[in-house]
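Quick notes on the structure that follows.
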Amino acid sequence: MSIYDAPFIDSQLSKRTSIFGLRLWVVIGILLGSFIVLFLFFLSLCLTSRRHRHRHRTTTKNNAKPQTIPVISKEIQEIVHVAPRLEIHVDAAKASGESVCETTSSFGSGSVGPEVSHLGWGRWYTLRELEAATDGLCDENVIGEGGYGIVYRGVLPDGTKLAVKNLLNNKGQAEREFKVEVEVIGRVRHKNLVRLLGYCVEGAYRMLVYEYVDNGNLEQWLHGDVGSISPLTWDIRMNIILCTAKGLAYLHEGLEPKVVHRDVKSSNILLDRQWNSKVSDFGLAKLLCSEHSYVTTRVMGTFGYVAPEYACTGMLTEKSDVYSFGILIMEIITGRSPVDYGRPHGEVNLIEWLKNMVGNRKAEEVVDPKFPEKPSPKALKRALLVALRCVDPDATKRPKMGHVIHMLEADDLLFRDERRVGGESSRSHGDHQQEHKDSSLDKKSIGGDITDQSEDDSTRNHKQPTRSRS
């Protein structure tokens, strides 16, 4: 009988085997199916391993330079809506060489991409370009994360480094933040403001592309793990304060309408390798036209940095940013967070603790213990005086940012530690000579706050307009 005889083959395959009494054809089918499953399993392992090795090589190449930036969490705050149409003009006299073009832009709810693409200040990146630059938006390239967006480090084919902010679709908040940042800083150019290079609008994706500032943010260097001695010397910290002041002064005094940042804090101050600072994250920014001295809006910002009058009434002015800047100065000098519940009672609130220390003539004890060497008493007193003026409870007594820059840059300010006698605090000025009197604090406690009486004198006697310096 031939082995190819169909009845014979059928009878052989139908015989029961010793394996659970299964027929031969069933056993053959199980074996064949098992072989196919194992083959597919090993094939998937090979492909996964190959992809992982490729990603590892890419990550290693991008991180060839050792990463020394201390890691610390960063929180992105909620965004509020701004008017859908705005115009930004620049006062050339205030720009001080930092050029910026006039822009008029309008965002439609369904045509954001095409309208923005014709503004002429930046590029409209494709989603494919940004995914390739960030290695598919992989977790290894995340350099910042918060409630409404994730920031990735990216590299273009020509070697250009980028910071790509992918806004999360969170009930319209991401769309609003996108409009705010594109409209406010799209054409603004200043060396102390992070430059917006372009954007991406594809489907549900809203991405902002910034210049890459490669030395982390100030919060990481102040509160991260930097060892027992901080690399931030007194001169470096003063340079960071001055650069930040110039960026804010340009927003307040170099643009029309002026821009109120609303979220000035250490994590929004980026640093380059020369320790120059750049103000970033304009998602909460609000525009203030010249015909209005304030705007009423929902209270937004970061706990510990928000000005008291803004927190209580919602009335926002550029002096709200000045208050936050004063807190920032204190944070830079002391190395302490604005609010730290891990500290003893009486030291939780930075501003109250610092005022008490200054009032008790212990100013030299407030400096960051991680300083490589202590600052001179004169330099420390000047910085503390500027900080205390900026956080004056009365917003009208706070200096403008242009005046702050002048106080920080002046080398001949006199700091005299003297007690005042009632009725003898008046000062006179020549018609052609300006005298800046930064006398020491009159340590008078009013409702628990130590006030600087010389602010009143300076505010009354110096009525000339301030200039933004870059």
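Here, each number is a calculation from the coordinates, and none is a lab measurement. The structure displayed is predicted, hence computed values, not measured ones. Every residue, glycine as well, gets a Cβ built from its backbone with ideal geometry; the counts of neighbours run over all protein chains shown.
The table below lists the values:
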{"read-out": "The range 306-327 and the range 238-303: distance between their alpha carbon centers, rounded to Å", "value": "12"}
{"read-out": "Whole-Å distance, taken between Cα centres, linking the range 22-55 and the range 368-412", "value": "70"}
{"read-out": "Cα gyration tensor shape of the range 237-336, rounded if a/c is under 1.5, else prolate or oblate by comparing a/b with b/c", "value": "oblate"}
{"read-out": "Environment charge at L22 (Cβ cut-off 14 Å; Lys +1, Arg +1, Asp -1, Glu -1)", "value": "+3"}
{"read-out": "Whether the range 345-394 is rounded, prolate or oblate, judged on the alpha carbon gyration tensor where a/c under 1.5 counts as rounded", "value": "oblate"}
{"read-out": "Taking H406, H261, H345 and counting other C-beta atoms within 10 Å, the order from fewest to most", "value": "H345, H406, H261"}
{"read-out": "Peptide ranges 245-257, 39-51 listed from the most packed, as the mean C-beta count within 10 angstrom indicates", "value": "245-257, 39-51"}
{"read-out": "Hypothetical label at D394: residues of the range 339-355 whose amide nitrogen lies under 19 Å (7 Å Cα-Cβ projection)", "value": "none"}
{"read-out": "Cβ crowding within 10 Å averaged over residues, with 307-315, 130-138 ranked highest first", "value": "130-138, 307-315"}
{"read-out": "Label-to-label distance, nm, for residues given as H345 and T126 (7 Å Cα→Cβ offset)", "value": "6.5"}
